[in-house]
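Colleague: Let me begin by handing over the structure; questions about it come next.
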């Protein structure tokens, strides 16, 4: 009985010594991983050590530090992601603004082009109207000139021969009065001819001899 108890104490002592060595090894392993920047692997190693020796103070302290570091890294990563997202939003806003400015510029150029075309069209219409008015004016002047020339010709035709003018001057009869007399004689002659013509139309033909 005494031998069995001794054997059990030796086993427990050996087991305790083994757990302590394992926890110590995991502490060093976790520390090295942490130093090398692999916080998650270091935390996994510390958790393995604590599973073997939950009351190990060094492992607990290292785990706390690793969890704080992990939380800090997660917050930093979150901030970086947020910053990246904000930068992307800012870049997109800048791009949208540039696109809007470009659209406004294109719209402004298009409006200016339309106004220029409208102005040119108005100028062309104005020139066309001026040209039309000028042409009409020239036609009117030409017509007036032709009428004046025609009137002048008529006046020249109505002019009395020189011999007649001399005779009228000797008789002391004004030229205008003589023209009026001649015109009256012409009108009477025309009326006489027209009357004879109408009489000839009214006269019916007869088959009877005059005798």
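Just so it is clear, none of the values below were taken in a lab; they were calculated from the coordinates. This is a predicted model, so every value here is computed, not measured. Note that we place each Cβ from the backbone using ideal geometry, even for glycine, and neighbour counts take in every protein chain shown.
Colleague: Can you tell me the FRET efficiency between residue 191 and residue 145 if r is taken as the Cβ-Cβ distance and R0 is 45 Å, rounded to the nearest 0.05?
Modeller: Here the calculated transfer efficiency is 0.80.
Colleague: Same structure, new question: From the mean inverse distance of alpha carbon pairs (Kirkwood) and the Cα radius of gyration, derive Rg over Rh for the stretch 72-139.
Modeller: Value, to two decimals: 1.69.
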